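Worksheet: one structure, shown below.
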Amino acid sequence: MKKKKLINTVAGTALAASLTLTGMTGTVNAEEAGNNALQEMKSMTTSNFNVVWNKNKSAPSFVSGKLSKQQVHGVGQVKQYLEENKELFKLDPDSDVTFVEKKKDELGMTHYKFMQSVDGVPVYGSAFTVHTNKKGIISAVTGTIHPKAAKTMESSKAELSKRDAIEEAWKSIDLSKKETKVKKTDKKELKKASKLSKSGVKNTAEKAELVVYSNDGQSHLAYHVELQFIYPDPGNWQIFVDANDGSVIDSYNAVTDAGAANGYGYGVLGDYKQLNTYLSNGYYFLYDVTNPMNGVIETFTAENGSSLPGYRSSDSNNAFTSGYQAAAVDAHAYADQVYDYYYNTFGRNSYDGNGASIRSTVHYGNNYNNAFWNGQQMVYGDGDGTTFAPLSGALDVVAHELTHAVTGHTAGLVYRDQPGALNESMSDVFSVFVERQDYLLGEDVYTPYRSGDALRSLSNPPAYGQPEHMNDYVYTNADNGGVHTNSGIPNKAGYNTIESIGVAKAEKIYYRALSIYLGPYSNFSDARAALLQSAADLYGYGSEYNAVADAWNNVGVY
Ligand code: L5W
Ligand code: ZN
Ligand code: CA
């Protein structure tokens, strides 16, 4: 059965009159014509109608009232209604109306959603919906229609590829200008800069979809490119790139509700802690902007175990309470604690002294019983559950790793033989300065089923297979010349110093030695001399100086 005249619409009848009116005067605009149509409709029914016009008054964006006399059931009948009233709704006869979805709500109303397209390409933002009441009477038609979308479009065939559109979009926001000044006119430099900016915003989501984009009454075939990232600033860029000449038609940053937030979570040991997070596009990230850094403290989760940096650790309600999130919770909170230690104790702003971002990745590898600083960031394994729990669960381990970064930016102790053992020892000694609770390293995550043990001890290195005197120095090719073994000797000297003069004076002497007097090839004797010099600088040649001398005499280093 042909359904053409099945629906006897109020609007359809009224519209004919309004069109005649428009044609006759030649000056009546769409709004006036629509209002006239509305008047006609009102005169034909006792119901009330309301209409809201779009910004440039070229089409209604919200029409409500009793819009059909007869019941409308199903997409076919709704489409027919639209067809019959296309003049009122300003539907472009050359563009297609595509059904998207039908939803019935709890009030018994049905909502038919459509969008406009031209040659199969969706018209951006053209979603409109026909609403019927419980009885099937059309009660509203809402949404945006772009009249003349097809007519004002120059071409419906894209010359530009998706990839090229994304490249153009990156260039247009030029994130590199924060770090490198690039003249906009220098195309080569710009391209380089765009690569640079992209490398600085890893973990970015990039999407591009071909759309018809109507701007200033003109429709363009364009790629709607979305670039989402957090660094260097949160971005959710919406960029419309002309699909023929690559020019940017329109762009804006749609980051909503972005900002620092206070979250919480449970660490590896189940302890509650507060977290500095960041809300961006409805997700909370382990991204701490609260410190006076040039960068941030940011925490990632390794994708498939081994990628670095992995994806940003996030949570939808700022409660990082799942078991899987615990490693990230601790890595994030402890990185901040160690940052605070260096900043508050020595005025050192991050590991480079210049406020660099501190990045951590957790869940690295598979049952990986280790953690490391890779020259750029900290990386933590989960442990195998027997030898280690997830390694970020210990503040002293985090302090150990971040101190490797500090050493790398200060003394630069090479990681072999005595300088390497000294490097290891600095990380162990500073982990005690930071944690201030014992002389053990890693006790909180080492052998989770056995209590009382640890990985190393400053007070008793031999208990963990390390020498505590030069007489027992281990000559080996393994472990870069036994850096994790012979560190027991300077570790014991560190313990002796702390015991003699207290942790507050000891840490000042150590930091001064590390940041001023030690260099890449410093050996144990150099360390003794550097610490003595620092003690003299800070406290003169008194008890502190003598305590340092005795500490190293005790381990056979002169
Ligand atoms: C455990 C993970 C790394 C051992 N790194 C270490 O040089 C480790 C500190 C805590 O010795
Ligand atoms: Zn180490
Ligand atoms: Ca400890």
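The values are calculated or read from the model by the stated rules, or taken from the named source; none is laboratory data. Remember, it's a predicted structure, so these values are computed and weren't measured experimentally. Glycine also receives a Cβ, built like all others from the backbone with ideal geometry; neighbour counts cover every protein chain displayed. Surface accessibility is based on the protein's heavy atoms, side chains included, excluding ligands, DNA and RNA. Shrake-Rupley method; radii C 1.70, N 1.55, O 1.52, S 1.80 Å.
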For a quick check of your reading of the model, give me the residue pairs whose first member lies in segment 426-445 and is outside the structural domain of residue 515 (by TED's automatic domain parsing) and over 15 Å from residue 461 (Cα atoms), whose second is near ligand 3 (Cβ under 9 Å from one of its atoms) and in a loop (DSSP other than H, G, I, E, B), with beta-carbon atoms closer than 7 Å and at least 6 apart or on different chains. 444/394; 445/394
Elements of type helices (runs of 4 or more DSSP H) in segment 451-558, at least 1 residues being open to solvent by 60 Å² or more (accessible area, probe 1.4 Å) and either closer than 15 Å to residue 424 by Cβ or at pLDDT below 95 (or both): 479-486
Can you go through 441, 402 and tell me which one is within 10 Å of ligand 3 (Cβ to nearest atom) and closer than 27 Å to residue 308 by Cβ? 441
May I ask you to verify whether residue 67 is at pLDDT 85 or above and outside any strand (DSSP E or B)? yes
Scanning segment 283-328 for residues that are buried (at least 23 other Cβ atoms within 10 Å of the Cβ) and charged (D, E, K, R), the one nearest to residue 258 (Cα to Cα) turns out to be 288
Only residues that are crowded, with 19+ Cβ neighbours inside 10 Å, in contact with a helix residue (DSSP H, G or I) (Cβ under 8 Å, 6 or more places away or on another chain) and outside any loop (DSSP other than H, G, I, E, B): list them for segment 88-119, please. 97, 112, 114
Restricting the search to segment 133-150, which residues are over 14 Å from residue 117 (Cβ atoms), touching a residue at least 60 places away in the same chain (Cβ under 8 Å) and in a loop (DSSP other than H, G, I, E, B)? 135, 136, 137, 147, 148
Given the criterion surrounded by fewer than 23 Cβ atoms within 10 Å (Cβ to Cβ) and either of a type in the set (Ser, Thr, Tyr) or not in a loop (DSSP other than H, G, I, E, B) (or both), identify the matching residue among 250, 245. 250
Unmet criterion (only one of (1) under 19 Å from residue 288 (Cα atoms); (2) away from ligand 3 (no atom under 16 Å from the Cβ)) for residue 367: (1)
Failed criterion for residue 351 (all others in (1) within 12 Å of ligand 1 (Cβ to nearest atom); (2) among the aromatic types (Phe, Trp, Tyr); (3) closer than 30 Å to residue 538 by Cα hold): (1)
Looking for something in contact with a helix residue (DSSP H, G or I) (Cβ under 8 Å, 6 or more places away or on another chain), part of a helix (DSSP H, G or I) and polar (S, T, N, Q) - is there at least one such residue anywhere in segment 369-389? no
Restricting segment 70-87 to residues that are part of a loop (DSSP other than H, G, I, E, B) and at pLDDT below 85, which is farthest from residue 147 (Cα to Cα)? 85
Can you tell me which of 402, 422 is more than 12 Å from ligand 1 (Cβ to nearest atom), assigned to a helix (DSSP H, G or I) and touching a Phe, Trp or Tyr at 6+ places or on another chain (Cβ under 9 Å)? 422
